[in-house]
Amino acid sequence: MIVLFDMFGVIARDQSPEVMASMSTSPEFWDAYWAHRPAYDRGDVTAEEYWARVGHPPLVELDVQSWSRVDDEMVALLGELHAAGRRIALLSNIPEDHARNFERTHEWLDLFEVRGFSCRIGHAKPELEAFEWCREQLGGGDILFVDDKLENVRAAERAGMRGHHFTGIDGLRARL
């Protein structure tokens, strides 16, 4: 079985509340931030276009920093799976600036046979096409998709994959 991982909320931690607070405490800012995020994640708009839509001068460095924390225990599990010969892949909703930062700073990304960054494949979860792209790149087979968002797990299951709703490493280890 191939294990297809989500990044944020599984391998990388959710957005840092401290950095978020330094970006803005305005509910209007965060409403706009999330409303326009899917197009940014898919690569439909540049960072400059995204921040213009948010209505704020670009905060690219802070935004990247806010998403940069990693769960070391999960990274160790990736290493274990890879060393045991398990095929692993990644499907992440991520803008290009963030993808480049992770590639520059995290060598463990090389453990993945396939890296499906939404900004580069033109599709973001929970879009069916994102899962189809991964299946095609992996050559089909039995795929378990691991994500902390139940909506994405259900979408993977509709695409013919198995799903695991990630709530912690112990539950994932038991599933594997």
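The values are calculated or read from the model by the stated rules, or taken from the named source; none is laboratory data. None of these values were measured; they are calculated from a predicted model. Because the Cβ atoms are built from the backbone with ideal geometry, glycine has one as well, and the counts that use them run over all protein chains shown. Note: accessible area is taken over every heavy atom of the protein model, side chains too, but ligands, DNA and RNA are not part of it. Shrake-Rupley method; radii C 1.70, N 1.55, O 1.52, S 1.80 Å.
List of remarks:
- Criterion (under 22 Å from Leu172 (Cα atoms), in a helix (DSSP H, G or I) and among the β-branched types (Val, Ile, Thr)) met by exactly one of Val75, Val64: Val75
- Glu18 of a type in the set (D, E, K, R), open to solvent by 30 Å² or more (accessible area, probe 1.4 Å) and in contact with a helix residue (DSSP H, G or I) (Cβ under 6 Å, 6 or more places away or on another chain): no
- Within the stretch 84-96, residues that are aromatic (Phe, Trp, Tyr) reach no partner that is open to solvent by less than 40 Å² (accessible area, probe 1.4 Å) and in a loop (DSSP other than H, G, I, E, B) with beta carbons closer than 6 Å at six or more positions or on different chains.
- Filter result for Glu132 (assigned to a helix (DSSP H, G or I), touching a residue at least 24 places away in the same chain (Cβ under 8 Å) and surrounded by fewer than 17 Cβ atoms within 10 Å (Cβ to Cβ)): yes
- Residues (more than 17 Å from Glu129 (Cα to Cα) and either at pLDDT below 95 or in contact with a strand residue (DSSP E or B) (Cβ under 7 Å, 6 or more places away or on another chain) (or both)) located in the stretch 147-156: Leu150
- Conditions (1) part of a loop (DSSP other than H, G, I, E, B); (2) in contact (Cβ under 8 Å) with a residue 40 or more places away in the chain; (3) farther than 19 Å from Pro95 by Cα; (4) small (Gly, Ala, Ser); number of the one not met by Ala156: (1)
- In the set (1) within 16 Å of the chain's Cα centre (by Cα); (2) over 27 Å from Glu73 (Cα atoms), Cys119 fails one condition alone, (2).
- Selection within the stretch 21-36 - assigned to a loop (DSSP other than H, G, I, E, B) and surrounded by fewer than 18 Cβ atoms within 10 Å (Cβ to Cβ): Ser24, Thr25, Ser26
- The lone criterion from (1) touching a residue at least 12 places away in the same chain (Cβ under 8 Å); (2) more than 14 Å from the chain's Cα centre (by Cα) left unmet by Gly171 is number (1).
- Candidates Ala39, Ala47, filtered to the one that is under 25 Å from Phe131 (Cα atoms), within 17 Å of the chain's Cα centre (by Cα) and surrounded by 14 or more Cβ atoms within 10 Å (Cβ to Cβ): Ala39
- Residue count for the stretch 135-149, restricted to those that are open to solvent by 30 Å² or more (accessible area, probe 1.4 Å) and under 14 Å from the mean Cα position of the chain (by Cα): 2
- Single residue of Ala99, Ala52, Ala89 found to be open to solvent by 70 Å² or more (accessible area, probe 1.4 Å) and among the aliphatic types (A, V, I, L, M): Ala52
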